[in-house]
Amino acid sequence: MKTAYGQFQSVLEQLKADGLYKEEQGILTRQGSQIETEEGGSCLNFCANNYLGLAGSEELVDAAKEGLDRWGYGLSSVRFICGTQQVHRQLERSLADFFGMEDAILYSSCFDANGGIFECLLKDDCAVISDELNHASSIDGIRLCKAKKYRYKNNNMEELEKCLQEAQDARIRLIVTDGVFSMDGILADLAGICQLADQYDALVMVDDSHAAGFVGENGRGTPEACGVEGRVDILTGTLGKALGGASGGYVCAGRPIVDMLRQQSRPYLFSNTLAPSIAAASLRVLEIVKKDGWRREKLQENTRYFREELRKMGLDIIESTHPIVAVLFYEAEKANQAAEAMMKQGIYVRSFVYPVVPKGKARIRVQLSAAHSREDLDRALEAFRQLAQ
Ligand SMILES: *Cc1c(COP(=O)(O)O)cnc(C)c1O
């Protein structure tokens, strides 16, 4: 056997020894509040990004089927050769309109969108300034560009200002932040960021994957929730979370930025077009998000109730209003055991330990959905109550 295989094997064994080896659950059903897994049987799902309860819905299965019939299975082409159908153009227009931006461009995923932005827009005489807790895709995208890199502590506006001062001579300054930090469920300080961006003539990019469709009164995300709509230059997001849950990503921005990406962004140019059935179903999603305000309201009410009940039990949670609820157990062992105990009771949650979260900050991350009934929430709360005792 070639020596590399043995070396990979020992890395994997080390991961297992450290409790970092991820086992995947085989799911036998559609996505939803109640699912069935191969190993764990029937359980309530509290770890999906299915915030609005649309993943697995009959309505989107129908919309995707109609799209499949109308536009076919796939295009066998990237966008600029022969992979652009009307449905892709319509979705780009609708995303831009929904988020109140000039234009939009689709990618196969938000990971690709974030991977393709920085190298395209920023050259070696530019500066990119990013929050330390940003998603891996922005981190990797930034690695691919030659701009000078600065990093500030999570939501720390003093540090951000220092970075902006140091980057004064750069041709372009771009501040990059997640709208919601996914391990903590807290929002970025977009008011502070936009104010500094104005003061120091910087562009602002927000990755709103964990907010698009449900944060803000109309679901337009963290810019809406933070009152900075019109002041964010680049808004990226995924179609794979609240907005249907299949796959696909987008960048909404001013026309020159979107045009630059269409011309020169590598994951856009060199990767296949989004499946038309997904594009068609995503158009339906935007309609649903606009008309079904009750989904956002139910999600908010579920979040409010769940957070309040956990607080009453004396469990430590990270304060926020977001449906990501981080329940702190501090020690990795405790968080892992807690997640296992909950799975035994039919509550599917995941624990997160170092290096995904800081040492000594191990936690269970609960994700609420509009698909959860009050009874579902009470069952999960009962399982937490047993842990709290
Ligand atoms: C999930 C997520 C992504 C990746 O989105 P995909 O479309 O699944 O690639 C990117 N950024 C953030 C902040 C995310 O939460």
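The values are calculated or read from the model by the stated rules, or taken from the named source; none is laboratory data. Fair warning: this is a prediction, and the values are worked out from it, not measured in the lab. We place every Cβ from the backbone using ideal geometry, glycine too, and count neighbours over all the protein chains shown. With ligands, DNA and RNA removed, areas are computed over all heavy atoms of the protein, side chains included. Shrake-Rupley method; radii C 1.70, N 1.55, O 1.52, S 1.80 Å.
Rounded to the nearest 10 Å², what accessible area does residue 363 have for a 1.4 Å probe in the complete protein model?
Accessible area, nearest 10 Å²: 10 Å².
Would you kindly derive the ³J(HN,Hα) couplings of segment 354-365 from the backbone phi angles with the Karplus curve 6.51 cos²θ - 1.76 cosθ + 1.60 (θ = phi - 60°), listing them in order in whole Hz, with x for Gly and Pro?
The phi angles translate into 3, x, 6, 10, x, 4, x, 10, 4, 7, 9, 9 Hz.
Lysines within cross-link reach of residue 290: Cα-Cα under 25 Å, excluding same-chain residues under 8 positions apart?
65, 241, 298
So, counting K/R as plus one and D/E as minus one, what does the shell of residues with Cβ under 14 Å around residue 199 add up to? Working shown, then result.
Values: positive: 162, 173, 231; negative: 158, 161, 198, 201.
In short, -1.
Consider just the alpha-carbon atoms of the chain and return their Rg together with their Dmax, both in angstrom.
In order Rg, Dmax, the Cα atoms of the chain give 21.3, 61 Å.
Here are some pairs, 16/162; 149/334; 123/153; 291/312; 162/361; which of them have Cα atoms lying more than 32 Å apart in this structure?
Working: 16/162 41 Å; 149/334 37 Å; 123/153 24 Å; 291/312 35 Å; 162/361 28 Å.
Too far apart for the 32 Å limit: 16/162; 149/334; 291/312.
Calculate, in whole percent, how much of the Cα-Cα pair population of segment 33-129 lies beyond 16 Å.
On the way: 3526 of 4656 pairs.
The answer is 76 percent, as a whole percent.
What does the helix-only formula give at 222 nm for the chain: each DSSP H stretch with n ≥ 4 adding -39500 (n - 2.57), the total divided by the residues, and the result rounded to the nearest 500 deg cm²/dmol? Let's see the in-between values first.
Details: 15 runs with 170 residues, N = 389.
Roughly -13500 deg cm²/dmol at 222 nm, from the helical runs in the chain.
Give the accessible surface of the chain per residue, rounded to a whole number of Å², with probe radius 1.4 Å and ligands, DNA and RNA excluded. Write out the running numbers ahead of the final one.
Details: 18290 Å² over 389 residues.
Per residue, the chain has an accessible area of 47 Å².
What does the charge dipole of segment 59-204 about its Cα centre add up to, to the nearest 20 debye, if the Cβ of each Lys and Arg holds +1 and the Cβ of each Asp and Glu holds -1? Before the final figure, lay out the partial values.
Details: 15 positive and 25 negative charges, 111 e Å.
Charge dipole, segment 59-204, about its Cα centre: 540 debye, nearest 20.
When the dipole is taken about the Cα centre of the chain, and only Lys, Arg (+1) and Asp, Glu (-1) are charged at their Cβ, what size is it in debye, to the nearest 20? Can you show the working numbers first?
Values: 45 positive and 55 negative charges, 98 e Å.
The dipole magnitude comes to about 480 debye.
When ranked by the protection proxy of mean other Cβ atoms within 10 Å per residue, highest first, what sequence do the peptides 47-56, 22-31, 174-183, 235-244 form? Walk me through the intermediate numbers first.
Values: 47-56: 22.4, 22-31: 11.3, 174-183: 24.7, 235-244: 27.6.
Going by the mean number of other Cβ atoms within 10 Å, highest first, we get 235-244, 174-183, 47-56, 22-31.
Could you work out the relative contact order of the chain, using alpha carbon pairs under 8 angstrom and six or more residues apart, expressed as a whole percent?
Dividing the mean separation by the residue count of the chain yields 22 percent.
Can you give me the long-range amide H partners of residue 37? Hydrogens built in the peptide plane at 1.01 Å from N, cutoff under 5 Å, separation of 5 or more residues or another chain.
Answer set, sorted by chain and number: 28, 42, 43.
Residue 86: net charge of surrounding residues, Cβ under 12 Å, Lys/Arg +1, Asp/Glu -1, itself excluded?
On the way: positive: 70, 89, 93; negative: 92.
Charge balance near residue 86 sits at +2.
Using a 1.4 Å probe and counting only protein heavy atoms, arrange 295, 350 so the residue with the most accessible area comes first.
On the way: 295 30, 350 85 Å².
Most to least solvent-accessible, the answer reads 350, 295.
Whenever you get a sec, line up 16, 344 from highest to lowest accessible area (probe 1.4 Å, protein heavy atoms). Display every interim value, and only then the final one.
Numbers: 16 115, 344 170 Å².
I get 344, 16, largest accessible area first.
If you put +1 on each Lys and Arg Cβ and -1 on each Asp and Glu Cβ, how big is the dipole of segment 203-305 around its Cα centre, in Debye rounded to 20?
Working: 13 positive and 11 negative charges, 43 e Å.
My answer is approximately 200 debye.
Can you send over the carbon and sulfur percentage of the accessible area for the chain, probe radius 1.4 Å, protein chains only?
On the way: 8840 of 18290 Å².
Taking all protein chains in place, the chain shows 48 percent carbon and sulfur surface.
For residue 16, what is the net charge nearby, where nearby means another residue's Cβ is under 11 Å from its Cβ and Lys, Arg count +1, Asp, Glu -1? Let's see the in-between values first.
Details: positive: 22; negative: 13, 18, 23.
My count for the surroundings of residue 16 gives -2.
Using Cα centres only, tell me the gap between segment 147-210 and segment 1-66 in whole Å.
With segment 147-210 and segment 1-66 each reduced to a Cα centre, they are spaced 33 Å.
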